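The values are calculated or read from the model by the stated rules, or taken from the named source; none is laboratory data. Everything quoted here is computed from the prediction, not taken from an experiment. Methodologically, a virtual Cβ is constructed for each residue, glycine included, from the backbone with ideal geometry; neighbour enumeration extends over all protein chains shown.
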Amino acid sequence: EGRVRFRDVEFGYGPERPILRGVDFDVAGGGTLAVVGPSGAGKSTIARLLFRFYDVTGGAIEIDGQDLRGVQQTSIRAAIGVVPQDTVLFNDTIGYNIAYGAEKASRDDVERAARAARIHDFIMTLPEGYDTMVGERGLKLSGGEKQRVAIARTILKDPPILILDEATSALDTGTEREIQAELRRLGQGRTVLMIAHRLSTVVDADEIVVLEAGRVVERGRHERLLALG
Ligand code: ADP
Ligand code: ADP
């Protein structure tokens with residue numbers, strides 16, 4: 001459940017030279033794949049394709065053996081949770097920000113999910129917790145706090161597949177380490193696609209794919225890639 005397969009994927013946003021060429025990987029359900037590489041390499045494009053914002057122009061993407069082109073975008077969105085790099089919060093309460101996208105969730109559901117995700121304590125450290133107004137006219141959250149709200153929002157959906165698109169890249173090292181540790185715990189039992197530009201953030205991925213100019217130039221586990229320099 002949650003197996004993600006890229007088969008020789010090619011993609012271009014327009015008729016010019018393709019952005020991705022021959023991208024091929026296979027993540028077992030519950031496994032973790034990291035994609036690292038310089039800015040502009042095509043990492044986020046991989047996430048967008050998995051989310052089916054666009055269709056591949058060559059090759060195929062499969063989830064549990066099913067070609068994405070035959071799957072409705074709504075069911076793909078239900079199966080995939082994304083934590084982006086910069087979370088934009090709504091000018092509303094923390095509770096609304098966490099429950100956004102889960103219209104049927106009651107405050108109890110949110111509480112339960114937050115507790116299950118063990119982010120409840122964090123939320124309760126803020127004045128008045130869920131009812132705290134954030135955004136322009138409310139409390140200004142730090143980058144790390146915003147990412148925790150984003151993580152809570154995503155985990156509430158309980159998605160079998162989790163995309164972390166530079167989820168901690170903008171944070172200071174200490175906060176990044178803390179949130180990465182939480183994400184490791186929250187990612188257990190889910191298929192995780194981690195996008196990062198530093199090898200140091202993806203230490204325990206089952207496989208790391210190094211992307212340069214749209215091509216996979218190296219792959220392996222952390223220790224092997226470190227040894228390559
Ligand atoms: P990364 O995440 O590795 O920084 P991206 O996947 O965001 O890279 O982008 C890869 C390439 O695709 C870049 O050259 C970028 O300019 C280009 N690109 C990204 N989005 C679009 C778009 N919507 N239309 C055209 N080109 C795009
Ligand atoms: P939902 O209601 O399912 O949360 P939205 O309609 O609010 O979705 O927004 C579309 C989704 O796209 C959001 O979950 C957002 O986090 C996600 N997203 C943002 N950046 C990326 C990306 N690079 N790749 C894939 N999805 C992304």
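Structure values in brief
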read-out: Residue list for region 1-54, filter: β-branched (Val, Ile, Thr) and over 14 Å from Val216 (Cβ atoms); value: Val4, Thr32
read-out: Within region 167-189, tally of residues that are touching a strand residue (DSSP E or B) at 6+ places or on another chain (Cβ under 6 Å) and buried (at least 21 other Cβ atoms within 10 Å of the Cβ); value: 1
read-out: Checking Ala34 against (1) assigned to a helix (DSSP H, G or I); (2) small (Gly, Ala, Ser); (3) in contact with a helix residue (DSSP H, G or I) (Cβ under 8 Å, 6 or more places away or on another chain), the condition it does not meet; value: (1)
read-out: Residue selected from region 43-81 under the condition among the aliphatic types (A, V, I, L, M) and either within 13 Å of ligand 1 (Cβ to nearest atom) or within 21 Å of Glu212 (Cα to Cα) (or both), by the criterion surrounded by the most Cβ atoms within 10 Å (Cβ to Cβ); value: Ile46
read-out: Failed item in (1) within 16 Å of ligand 2 (Cβ to nearest atom); (2) more than 21 Å from the chain's Cα centre (by Cα), with Arg137 passing the rest; value: (1)
read-out: Residue check for Ala150: under 22 Å from the mean Cα position of the chain (by Cα) and farther than 19 Å from Leu171 by Cβ; value: no
read-out: Helices (runs of 4 or more DSSP H) (entirely within region 115-229) containing at least 1 residues that are of a type in the set (Gly, Ala, Ser); value: 143-156, 173-186, 222-228
read-out: Condition met for Ala114 (among the aliphatic types (A, V, I, L, M) and within 16 Å of ligand 2 (Cβ to nearest atom)); value: no
read-out: Tally, over region 12-34, of residues that are free of Cβ contacts under 8 Å to residues at least 60 places away in the same chain and either within 16 Å of ligand 1 (Cβ to nearest atom) or surrounded by 18 or more Cβ atoms within 10 Å (Cβ to Cβ) (or both); value: 6
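Conditions tested, residue by residue: (1) of a type outside the set (Lys, Arg); (2) modelled with pLDDT under 95; (3) more than 16 Å from ligand 1 (Cβ to nearest atom).
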position	(1), (2), (3)
Thr154	yes, yes, yes
Leu171	yes, yes, yes
Arg185	no, yes, yes
His197	yes, yes, no
Asp204	yes, yes, yes
Glu223	yes, yes, yes
